[in-house]
2 protein chains.
Amino acid sequence: MRIGELSRRTGVSVPTVKYYVREGLLPAGRLSSPNQASYDASHERRLRLIRALMDVGGLSVAGIRDVLDAVDDAERPVHKVLGEAADRLAARRTGEPDAEWESARDTVAELVGRRGWRVGPAGPQTEALVGALAALRRVGHEGFEMLLDDYADAAERIAEADLGYVARNSKRDALVESAVVGTVLGDAILSALRRLAHVDASARAFGEAQGGADRDGAPGGEGAAEGE
Amino acid sequence: MRIGELSRRTGVSVPTVKYYVREGLLPAGRLSSPNQASYDASHERRLRLIRALMDVGGLSVAGIRDVLDAVDDAERPVHKVLGEAADRLAARRTGEPDAEWESARDTVAELVGRRGWRVGPAGPQTEALVGALAALRRVGHEGFEMLLDDYADAAERIAEADLGYVARNSKRDALVESAVVGTVLGDAILSALRRLAHVDASARAFGEAQGGADRDGAPGGEGAAEGE
């Protein structure tokens, strides 16, 4: 198909498609004449993947290029590609090590040992967790750490479900792509579900006596007494 | 304390502190002389909160101002403040409704009904979930939706733990602040834990025969048999 058709099918403008080709995110089309390139279903699929990583995952062009490089390198064993993709998807760093950071690092090392996780002490994922726990400590919420094993229980169950989904793919390309998609979009899904569950739990705990979720158009009784 | 001391204690530069005051994130100091303002522990605490929301939560200055406005409005009932803070923390929108979006909306409505969640059909949290599921469909991964109830189970357990933590605070200010901190930093913690659990699960499923987590420097048993 021509670039106009590719644009129409994906909702990505022609100049943006050309930009992605220049930035190395999307392979160039096959030249069918000196001034015309031809694109196929693989371009369409890759373009949709780029938009998903960008729009829902919030990744930058550079971040997407890193992840796609790992996906496209057919030489690397699957386990390493998954690990590298995960590393490149890791959250941003949070400043220089300080006392809170050192203390959070110990907490994470204990957690990893307690759970028996086969992860190293210094990867980007570990650092992201240490950074978040250090930030909690800096705002006086180190008590939140008492929830860590509840969170880890949930993370293990989700990771197991994720892996079941990913491992259904027998072809390497499909497996790696589904891992990347699942990691990025799964984060967005989990975050949204957690907040919906918060709204529900908060409505039950702090809401009006009969169905407190009225702010969002849910059934909420009129004249209900304030609960707490 | 003077602004220099506040800067030293929080690691935020003096010009940045002044910028936060101008942007309405941080209350101005009390004028102790025409050219000198005095800051107290409440400023220090608020400044640490701003940095946590920004550095770990990835919120913009405008986003932080919105959240802090909800926190600071003592008139509103707690349930409403928590709901509004959650709305303002919602993920970004993802384009115009299309066939995938409509279909994802139906999936979410069914999920909410099935779980009995007291949430409305049209809040920002619901939209964030619909957007993420629509993105999955656009990249051909609608099969991922079979994991939705596993994710929802985990989200409910986490939300219950979160609420237990938040509800320990009897004072309104502390309660609302801990909800905001827990929502934002909890997302970062959960995301990092999920990825660590991925690395662990992937090492077990796809790793080399002797402890596949070597890329991260984890202890890998020599000559250990692959478990499957």
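Looking at the structure I just gave you, is B:A74 aliphatic (A, V, I, L, M), modelled with pLDDT under 85, in contact with an Asp or Glu (Cβ under 6 Å, 6 or more places away or on another chain) and at negative phi?
no
For B:R157, only one of the following conditions fails: (1) in a loop (DSSP other than H, G, I, E, B); (2) modelled with pLDDT of 85 or more; (3) within 22 Å of A:D187 (Cβ to Cβ). What is its number?
With respect to (1) in a loop (DSSP other than H, G, I, E, B); (2) modelled with pLDDT of 85 or more; (3) within 22 Å of A:D187 (Cβ to Cβ), B:R157 is out only on (1).
Which residues, counting only those in the stretch A:38-57, are assigned to a helix (DSSP H, G or I) and not small (G, A, S)?
A:H43, A:E44, A:R45, A:R46, A:L47, A:R48, A:L49, A:I50, A:R51, A:L53, A:M54, A:D55
Are there any pairs with C-beta distances below 8 angstrom linking a residue in the stretch B:53-69 that is more than 13 Å from chain A (Cβ to nearest Cβ) and surrounded by fewer than 16 Cβ atoms within 10 Å (Cβ to Cβ) to a residue that is in a loop (DSSP other than H, G, I, E, B) and of a type in the set (D, E, K, R), with the two at least 6 apart or on different chains, and if so which?
The qualifying pairs are B:V61/B:E23.
Being under 17 Å from A:L175 (Cβ atoms) and at pLDDT below 85 is true for just one of A:L82, A:L49, A:L59. Which residue is that?
Exactly one of A:L82, A:L49, A:L59 is under 17 Å from A:L175 (Cβ atoms) and at pLDDT below 85, namely A:L82.
Per-residue answers, yes or no, for (1) in contact (Cβ under 8 Å) with a residue 40 or more places away in the chain; (2) out of contact with any helix residue (DSSP H, G or I) (no Cβ under 7 Å at 6 or more places or on another chain); (3) surrounded by fewer than 22 Cβ atoms within 10 Å (Cβ to Cβ):
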| site | (1), (2), (3) |
| --- | --- |
| A:G131 | yes, yes, no |
| A:D149 | no, yes, yes |
| A:L163 | no, no, yes |
| A:L175 | yes, no, yes |
| A:V180 | yes, no, no |
| A:D187 | yes, no, no |
| A:L193 | no, no, no |
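Of all residues in the stretch A:1-39, which are touching a helix residue (DSSP H, G or I) at 6+ places or on another chain (Cβ under 9 Å), exposed (fewer than 13 other Cβ atoms within 10 Å of the Cβ) and within 25 Å of A:V176 (Cβ to Cβ)?
Matches in the stretch A:1-39: A:A28 only.
Taking the options B:S178, B:S202, name whichever one is among the polar types (S, T, N, Q) and under 20 Å from B:I64 (Cα atoms).
B:S178
Taking into account only those residues within the stretch A:109-123 that are free of Cβ contacts under 8 Å to residues at least 40 places away in the same chain, facing chain B (nearest Cβ under 9 Å) and aliphatic (A, V, I, L, M), which is surrounded by the fewest Cβ atoms within 10 Å (Cβ to Cβ)?
A:A122
Could you list, in sequence order, the residues of the stretch B:124-166 that are more than 8 Å from chain A (Cβ to nearest Cβ) and in contact with a Phe, Trp or Tyr (Cβ under 7 Å, 6 or more places away or on another chain)?
Answer for the stretch B:124-166, where residues must be more than 8 Å from chain A (Cβ to nearest Cβ) and in contact with a Phe, Trp or Tyr (Cβ under 7 Å, 6 or more places away or on another chain): B:V130, B:A134.
Take the residues of the stretch B:121-154 that are closer than 26 Å to B:V78 by Cα and part of a loop (DSSP other than H, G, I, E, B): which is modelled with the lowest pLDDT?
If we filter the stretch B:121-154 for residues that are closer than 26 Å to B:V78 by Cα, which is where we start, we get B:121-129, B:152-154.
Applying the additional criterion that residues be part of a loop (DSSP other than H, G, I, E, B) yields B:121-123.
On the way: B:P121: 73, B:A122: 76, B:G123: 79.
Only one residue tops the list, namely B:P121.
Scanning for something polar (S, T, N, Q) and either modelled with pLDDT under 75 or in contact with a Leu (Cβ under 9 Å, 6 or more places away or on another chain) (or both), does the stretch A:86-97 turn up at least one residue?
For the stretch A:86-97, residues polar (S, T, N, Q) and either modelled with pLDDT under 75 or in contact with a Leu (Cβ under 9 Å, 6 or more places away or on another chain) (or both): present.
The values are calculated or read from the model by the stated rules, or taken from the named source; none is laboratory data. Computed from a predicted structure; not experimentally measured. Because the Cβ atoms are built from the backbone with ideal geometry, glycine has one as well, and the counts that use them run over all protein chains shown.
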